[in-house]
Amino acid sequence: MTPSAVKSVLVTGGAGYIGSHTVKALALAGYDVCVYDNLLAGHREAVERIARAVPDRRVTLIEGDILDRAWVLSALRESRAEAVFHFAALLSVGESVSDPAKYYGTNVIGGLTVLSAMAEAGVSRFVFSSTAATFGEPLVTAIDESHPQQPVNPYGETKLVIERALRNFDSAFGLRHVVFRYFNAAGADPDGLLGEDHTPEIHLIPRAILAVLTGEPLQIFGDDYATSDGTCIRDFVHVTDLAAAHVAGLRHLEAGQPSASYNLGMGAGVSVRDVVSAVERVTGRPVPHSVEPRRAGDPSRLVATSARARAELAWTPRYGDLDTIVSTALAWHRAHPQGYGSPE
Ligand SMILES: NC(=O)c1ccc[n+]([C@@H]2O[C@H](COP(=O)([O-])OP(=O)(O)OC[C@H]3O[C@@H](n4cnc5c(N)ncnc54)[C@H](O)[C@@H]3O)[C@@H](O)[C@H]2O)c1
C-alpha cells in the first residue's frame, strides 16, 4: 500500500480510560480527533480537558452507539476520518461469563458495524484494542504473537472474532489494520489531566488504591493458584505507554506497512500480592483486603513479550516500573476523589 498521511482520526470509546489517553497522545502528535462514544463508561469531561489542553488541534465528541450504523457512518463523514481507532467495548471478564449475549452484541456486532461503515465510507486504516484474554491459558511463560489463541472466557472470544474478521476485511476491502493486545492497562496521565474513572471499578490497581483511600476492602480472587504466592500473575503496562504505541501503530499504517498484530506488556510478571505490596509502599499505608474464591474465567498467569512492538514500531515504554504506575494512579485518585466529577 502506498504511504499517505492521516490528518483526522475517529476514536470509538475515546472518552474511556485507554481511549482518552490515546486521544491526548494523538492530538499532541498533530492529529485532529473525533471521539465517538455513547458515554456508557466514558466521560465528556475527559474529551473537553484534552480539547482545552491541546487547543491547536480539533478534538471533538460525537455521542453515539457503535451499534447505530447510520450514525457511525455520519460521524466518519463529518469528521473526515482517514483512520479509526476502535476502543469501544465491554470489558468485564466476569460479566461476560454471566451475560455473554451482551458481550457478543457490543463487542462483535458493534465491531462489525464499525468495520462495515468504514468499508462504505472508504476508510481503510484501523487500529484495534484487543486483549491478552484472546490467548486463554498460556502454554509458555511469556506470550508472543504466535501463541495459540484459545480464550477461556466470552470477553476474549468476542475480541478474537473481530481479530479474525479483520483479515477478511483486509482481503475484501484492503482494510489495513494494527491489532494491539494489551495485557493489563494501569496508571494515569503523568500530567494529571486524565485518569481511570470506572463505576464500578473492576481493575486491580485502582481498587487497591481506593481500598487505602476509602477503607473499602480489596477483594483478592483466589490465593490457591500454582504461582509463587498463590495469587494470579499479570503484566501491567502504563496507559501512557499504550497510547504511545497507538500513535506508532498509526504511523506504521501511514507508511504503507502491512497489517500486523502486537502484544503490549512489560514482560514482567506481577502477582496480585506484589500489587498490594507496591500500593502499601507508595502510599505508606496498609491495603485492607479479603481473600475470596477464584473467579470464573481468570487464567493464572498472563505475561507478554513485546519484542515485536519494540522492534517494528520502535515502541519504548517509559513508565513501566510498577511503583511509577501506582504513583501516577495514586496522584489521579487523590486529586479526583469523585473521578471526573471532582472540582478542578
Ligand atoms: N483496561 C484494560 O486493562 C484492557 C486490557 C485489554 C484490552 N482492553 C480493551 O481496551 C479498550 C478500552 O478499555 P478501557 O479500559 O479504556 O475501557 P473503558 O470502559 O474505560 O472505555 C470503553 C469506552 O467505550 C465506550 N463504549 C462502550 N460501549 C459502547 C457502545 N456500544 N458505543 C459507543 N461507545 C461505547 C464507553 O463509554 C467507554 O468510554 C476495550 O476495547 C478493552 O476491551 C482493555
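The values are calculated or read from the model by the stated rules, or taken from the named source; none is laboratory data. Computed from a predicted structure; not experimentally measured. Using ideal geometry, Cβ is built from the backbone for each residue, glycine included, and neighbour counts are taken over all protein chains shown. The area values use the complete protein model at the heavy-atom level, side chains included, leaving out ligands, DNA and RNA. Shrake-Rupley method; radii C 1.70, N 1.55, O 1.52, S 1.80 Å.
Rounding to the nearest 10 and keeping the result within 0 to 90°, find how far the Cα-based axis of helix 69-79 lies from the longest principal axis of the chain. The angle comes out near 80 degrees.
Over 18 Å apart: what share of the alpha carbon pairs of the range 122-255 falls there, rounded to a whole percent? Cα-Cα pairs in the range 122-255 separated by more than 18 Å: 67 percent. Accessible surface computed residue by residue for the range 161-280, with neighbouring protein chains in place and a 1.4 Å probe, gives 34 Å² per residue. Packing, as the average of other Cβ atoms within 10 Å across residues, places the peptides 15-22, 233-240, 75-82 in the order 15-22, 233-240, 75-82, highest first. Taking amide H as placed 1.01 Å from N in the peptide plane, ILE143 has its amide H under 5 Å from the amide H of VAL303, ALA304, THR305, each at least 5 places away in sequence or on another chain.
Per residue, the convex hull spanned by the alpha carbons of the range 85-156 comes to 97 Å³. Each residue of the range 328-340 is assigned a 3J(HN,Hα), and the resulting list reads 5, 5, 4, 4, 4, 5, 5, 7, 10, x, 10, x, 5 Hz, derived from the Karplus form 6.51 cos²θ - 1.76 cosθ + 1.60 (θ = phi - 60°), x at Gly and Pro. Rounded to the nearest Hz, the phi-derived 3J(HN,Hα) couplings of the range 244-253 under the Karplus curve 6.51 cos²θ - 1.76 cosθ + 1.60 (θ = phi - 60°) are 5, 4, 5, 5, 5, x, 5, 5, 4, 6, where x marks glycine and proline. Relative to the dominant Cα principal axis of the chain, helix 272-283 is inclined by about 80°. In whole Å, what is the distance between the alpha-carbon centres of the range 99-165 and the range 190-254? Here the two parts' Cα centres lie 20 Å apart. Taking the inverse of the mean reciprocal distance over all distinct Cα pairs, the Kirkwood hydrodynamic radius of the chain comes to 20.1 Å. Of the listed residues PHE169, PHE128, the order by accessible area with a 1.4 Å probe, largest first, is PHE169, PHE128. Looking at the range 1-154, the pairs of alpha carbons with a distance over 18 Å make up 60% of the total.
Measuring nothing but protein heavy atoms, the accessible surface of the chain at 1.4 Å probe radius is 51 percent carbon and sulfur. Local charge for ASP189 was computed over the other residues whose Cβ lies under 15 Å away, with Lys and Arg +1 and Asp and Glu -1, and equals -2.
Of the peptides 313-325, 172-184, the order by per-residue mean of other Cβ atoms within 10 Å, starting with the highest, comes out as 172-184, 313-325. Across the range 314-320, computed HN-Hα scalar couplings (Karplus, 6.51 cos²θ - 1.76 cosθ + 1.60, θ = phi - 60°) run 6, 6, 10, x, 10, 10, x Hz from first to last residue, x flagging Gly and Pro.
Sequence-distant contacts, meaning Cα pairs under 8 Å at least 6 residues apart, place the relative contact order of the chain at 19 percent.
Taking Cα atoms only, the orientation of helix 154-173 departs from the longest principal axis of the chain by about 20 degrees. Accessible surface computed residue by residue for the range 1-97, with neighbouring protein chains in place and a 1.4 Å probe, gives 41 Å² per residue. Using alpha carbons only, the radius of gyration of the range 142-200 set against its Kirkwood radius gives Rg/Rh = 1.08.
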